[in-house]
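Take a look at the structure below.
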Amino acid sequence: MVENLKGRDLLSLKDLSQNEVLGLLDLAEKLRVNNQKLLAEKILGMIFAKSSTRTRISFEVAMLHLGGQAIFLSQRDIQLGRGETIKDTARVLSRYLDGIMIRTFLQSEVEELAKFADIPVINGLTDSDHPCQALADLLTIKDNFQSFNGKLAYIGDGNNMATALIWAAARTGMEIAIASPKGYKPDEEVVQAALKEGAKVTVTDDPKEAVKGAFAVYTDVWASMGQEDQQAERKKAFQGYQVDRKLMAFADKNAIFLHCLPAHRGEEVTDEVIEGPKSRVFDEAENRLHVQKAVLAALI
Ligand code: CP
Ligand code: NVA
């Protein structure tokens, strides 16, 4: 199922078929118990224009476990940060490396890099998508429920995680209900495109309605990287969208709590919920490593 992924890019789960997504999850499960040197002598370049703990370290460790190596490229320190074009960077890096992971602002920058690189390009987060995180989230749901037969409630900002989870749901048949305040709803184009493909997506203002009967409740920060100057206005706009014990009580009794991390306790989630028995956030973070290995092994 993942054979077709060799040499391809991973810019969004939108671009993968259902079989490819499920195949990556199967491969992640295999690599979790049995490390193989599938990428001996292969080298991944990792361009970061934003901070990272999980993405950087899980990709780096994944390459080492698979027998290869990763090179950390802070955008500030390579010529890209001084104005060298993405298309020149893509062609130069393609002469040295076997794959590129990039974390940046615009999805169009990642698309441009992929267009001009002749090695696989992996999206390690943009303002509008985060496919590798969504794969780890799917694996965590699969670990807990052995299926995607249920509703994922996403409470909060309709930006990168919402988009990534909409496509994750679309590719697995999982339902997704998103509750966001006015002005912070998920991208209507993404919602319509997913609906057109038969995805089960609903969008509401009401967190309780979204969470009702859900098997997993997900949230993310109210101000993402690059939005630090909007912290105060966003804190106001997201009042009533905190995942707390009372909101979790509307979910299924076996529901789990997920968060891509980093979390702001006391804002999008209470300390009680993230530290509570339903929380799976550290399994979810660990799963980044396993899915990263699967993605790298399949693409490179
Ligand atoms: N969840 C996630 O992508 O974390 P980092 O920002 O630490 O990479
Ligand atoms: N929405 C968050 C996700 C971090 C992993 C951000 O973009 O900062």
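The values are calculated or read from the model by the stated rules, or taken from the named source; none is laboratory data. Here the structure is a predicted model, which means the values were calculated and not measured. Please note: Cβ atoms are built from the backbone with ideal geometry, for glycine as well, and neighbour counts cover all protein chains shown.
Here Tyr218 meets each of (1) out of contact with any Cys (no Cβ under 9 Å at 6 or more places or on another chain); (2) over 30 Å from Leu64 (Cα atoms) with one exception, condition (1). In the stretch 33-48, the qualifying residues are those that are among the hydrophobic types (A, V, I, L, M, F, W, C) and more than 12 Å from ligand 1 (Cβ to nearest atom), and the one that is surrounded by the most Cβ atoms within 10 Å (Cβ to Cβ) is Leu44. Among the residues of the stretch 186-202, none qualifies, meaning not one is closer than 18 Å to Arg54 by Cβ and of a type in the set (A, V, I, L, M, F, W, C). Within the stretch 262-274, restricting attention to residues that are part of a loop (DSSP other than H, G, I, E, B) and among the acidic types (Asp, Glu), the residue that is surrounded by the fewest Cβ atoms within 10 Å (Cβ to Cβ) is Glu267.
Strands (runs of 3 or more DSSP E) fully within the stretch 7-107 that include at least 2 residues being within 16 Å of ligand 2 (Cβ to nearest atom) and under 16 Å from Leu125 (Cβ atoms): 43-48, 99-103. Mind checking which residues of the stretch 110-128 are buried (at least 19 other Cβ atoms within 10 Å of the Cβ) and not in a loop (DSSP other than H, G, I, E, B)? Listed by number, the residues that qualify are Val110, Leu113, Ala114, Val121, Ile122, Asn123. Scanning the stretch 114-172 for residues that are over 30 Å from Gln239 (Cα atoms), of a type in the set (Phe, Trp, Tyr) and in contact (Cβ under 8 Å) with a residue 40 or more places away in the chain gives a single hit, Phe145.
Each row is one residue, and each column tells you yes or no for (1) among the acidic types (Asp, Glu); (2) buried (at least 16 other Cβ atoms within 10 Å of the Cβ).
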residue	(1), (2)
Val203	no, yes
Asn254	no, no
Gly276	no, no
Asp283	yes, no
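Against the criterion of being in contact with a helix residue (DSSP H, G or I) (Cβ under 9 Å, 6 or more places away or on another chain) and modelled with pLDDT of 95 or more, Asp157 qualifies.
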